[in-house]
1. Can LEU284 be described as modelled with pLDDT of 95 or more, crowded, with 23+ Cβ neighbours inside 10 Å and in contact with a strand residue (DSSP E or B) (Cβ under 8 Å, 6 or more places away or on another chain)?
2. Would you confirm whether any residue within the range 364-373 is among the charged types (D, E, K, R), buried (at least 18 other Cβ atoms within 10 Å of the Cβ) and either farther than 30 Å from SER427 by Cβ or at pLDDT below 95 (or both)?
3. Please return the ranges of strands (runs of 3 or more DSSP E) entirely within the range 414-488 where 3 or more residues are more than 35 Å from the chain's Cα centre (by Cα).
4. Considering only residues of the range 493-542 that are modelled with pLDDT of 90 or more and β-branched (Val, Ile, Thr), which is surrounded by the most Cβ atoms within 10 Å (Cβ to Cβ)?
5. Is it true that some residue in the range 181-192 is surrounded by fewer than 19 Cβ atoms within 10 Å (Cβ to Cβ), β-branched (Val, Ile, Thr) and over 21 Å from PRO110 (Cα atoms)?
6. So which helices (runs of 4 or more DSSP H) stay within the range 166-213 end to end and still have 3 or more residues that are in contact (Cβ under 8 Å) with a residue 24 or more places away in the chain and more than 30 Å from the chain's Cα centre (by Cα)?
7. Within the range 457-502, how many residues turn out to be without any contact (Cβ under 8 Å) to a residue 40 or more places away in the chain and not acidic (Asp, Glu)?
Amino acid sequence: MRRGACAFSLTNDYAIMKILVADKISSKGVAYLRQQTGFEVVEAYGSSPEKVLTLVKDVHAIAVRSETKITREVLEAAPLLKVVGRAGVGVDNVDVEAATDRGVVVMNTPSGNTVATAELTFTHILCGARPLPQANASMLSGKWDRKSFSGVELFRKTLGIIGLGRIGGEVAKRAQAFGMRVLAYDPYLAPSRAKAMQIEIATLDELFVQSDFITVHMPLTEDTHYMVDEAAFEKMKKGVRIFNCARGGIIKEEALIGALKSGKVAAAGLDVYEDEPLAADSELRKFPNVVLSPHLGASTAEAQDAVGVEVAEQIADLLTKGEIRNAVNMPSIDAAARKVLNPYLDLGSKLGTLVQQIAPAQVEKLRISFFGKVTELDVNSIGRSVQSGFLRRISGDELNDVNAPVFLKRLGIGVESIKSNEECDYSELIVVEAFVAGGQVFSASGTLLGKALSPRIVAINTRDVEVAAEGKLLVLENADVPGMVGTVGTILGKAGVNIADMSLSRLTPGGTAYMVVRVDSEPIAAARDEIKGNPAIKMAKFVQL
């Protein structure tokens with residue numbers, strides 16, 4: 001691997017940062033970006049893939065909708081890129097894995113089109129109950145046919161909602177206003193939330209069996225792909241009505257077509273499809289009881305303005321303040337949380353760096369333990385800083401908190417995070433341990449002291465020390481014999497190295513002692529060799545934090 005000492009920052013490292021708006025977003029969003037100091041905004045709508053590759057070579061952020069594909073090739077062509085912002089929910093057009101590899105944050109705007117998509121869904125539900133589009137088409141053709149367009153009422157019918165996130169929750173409210181019974185399947189739904197919303201939790205099979213209407217509000221993943229297939233339709237009531245305004249591919253279109261032909265499905269409404277645009281000869285276009293719309297979920301003036309402004313604000317906040325919201329490949333950190341977390345992120349990074357330098361090259365696992373008040377904070381983000389710090393000197397310039405977990409995984413290093421309620425000697429403590437073959441463990445512990453929240457190293461390899469977590473350290477394990485402090489001081493003095501701080505630790509007189517010396521400059525090789533060559537010194541590590 002390339003070696004470097006790059007500490008990645010999400011904030012501005014450049015006088016001017018360029019933002020590429022690759023797809024047309026709200027003019028209000030573009031105007032917001034142009035109003036920010038230090039931004040150069042390039043609008044390049046409808047660019048070919050080849051043109052995009054040339055445009056991204058010096059950009060720091062890209063804003064897209066669903067048209068422009070942000071592929072691995074595009075990401076590799078953008079060495080300065082820090083963030084891709086998607087004005088909308090789905091990030092299907094962004095290679096999130098490749099972005100994570102490159103340390104690029106991928107953000108979406110999940111809340112901006114919530115109401116618009118929920119209202120479109122309910123429009124489809126109403127059209128599935130009362131065939132108004134078909135009646136309208138008949139009227140426009142000059143007919144007066146009152147017999148062919150009979151429908152059903154929503155009142156007292158059961159609506160099954162697959163996925164009770166933001167949009168599913170909004171659909172549930174509208175269904176309840178129509179007097180519908182609402183069932184919901186969501187493996188992540190807390191019972192307390194369902195109870196508060198007066199929604200019944202159901203298994204997926206229970207939902208299929210009991211629902212008169214079914215609507216899908218899940219992301220498209222390996223687990224949800226073809227979630228509604230032939231087997232699912234077999235379990236449903238005859239005459240069920242089904243709708244999808246979420247993602248194509250959750251409902252298997254071939255299975256839906258079969259269920260429409262058999263009469264199992266009385267009506268369907270789709271806004272999304274397995275392949276978009278929907279083929280002109282698609283069999284779905286031939287059913288009179290199917291209402292189709294061309295992916296209009298967010299197509300309201302309010303939603304377009306909302307997601308455009310939201311993605312612009314998120315990009316600006318990340319580039320200027322390091323604030324991360326609605327990221328799909330790392331934890332979100334708002335401005336207030338970041339202000340609180342910053343000292344802990346710094347401490348975590350330094351503990352990771354320290355442990356990497358005192359441990360052997362081959363590490364099997366990292367364990368990060370949190371004690372005291374720090375357990376009340378976002379330890380996930382702090383843990384990422386520890387991982388980034390551990391890799392900082394061995395993984396090159398492209399490393400940051402976004403991709404550190406991926407880098408560790410590729411190295412075969414497992415990571416364990418523990419929030420402990422055990423008592424310790426400090427009001428809050430972070431302990432980083434590196435486990436190596438043979439059962440050896442190398443560790444460092446740190447805390448924040450005083451009103452300034454100064455980072456301090458308080459233990460190395462379980463030995464109590466106290467030294468500022470900054471600068472350059474000599475970590476020595478030596479026999480506890482007279483004159484060791486003087487010996488080390490003399491060697492450093494001869495080499496012109498000034499001692500800024502020193503901490504001594506021993507368990508028993510005459511046993512093994514630890515000495516941590518913080519110095520103003522790195523000792524020359526000859527001085528380090530002389531220290532290591534002293535027979536009383538069992539271990540000597542030079543550490544840069």
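1. no
2. no
3. Numbers: elements: 414-420, 428-435, 441-449, 454-460, 463-468, 472-479.
Passing ranges, in order: 463-468, 472-479.
4. Within the range 493-542, the match that is surrounded by the most Cβ atoms within 10 Å (Cβ to Cβ) is VAL517.
5. No.
6. Numbers: elements: 166-177, 191-196, 204-210.
By residue number, 204-210.
7. The first filter runs over the range 457-502 and keeps only residues without any contact (Cβ under 8 Å) to a residue 40 or more places away in the chain, leaving 458-459, 462, 466, 480, 482-483, 485-486, 489-490, 492-502.
Applying the additional criterion that residues be not acidic (Asp, Glu) yields 458-459, 462, 482-483, 485-486, 489-490, 492-500, 502.
So the answer is 19.
For (1) at pLDDT 95 or above; (2) farther than 30 Å from GLY352 by Cα; (3) not aliphatic (A, V, I, L, M), each residue gets a yes or a no:
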| residue | (1), (2), (3) |
| --- | --- |
| MET1 | no, no, no |
| ILE19 | yes, yes, no |
| SER26 | no, yes, yes |
| ARG34 | yes, yes, yes |
| GLU43 | yes, yes, yes |
| ILE62 | yes, yes, no |
| ARG65 | no, yes, yes |
| THR68 | yes, yes, yes |
| GLU73 | yes, yes, yes |
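The values are calculated or read from the model by the stated rules, or taken from the named source; none is laboratory data. Predicted model, so just to flag it, every value in this text is computed and none were measured. Here Cβ is always computed from backbone atoms with ideal geometry, including for glycine, and neighbour counts include all displayed protein chains.
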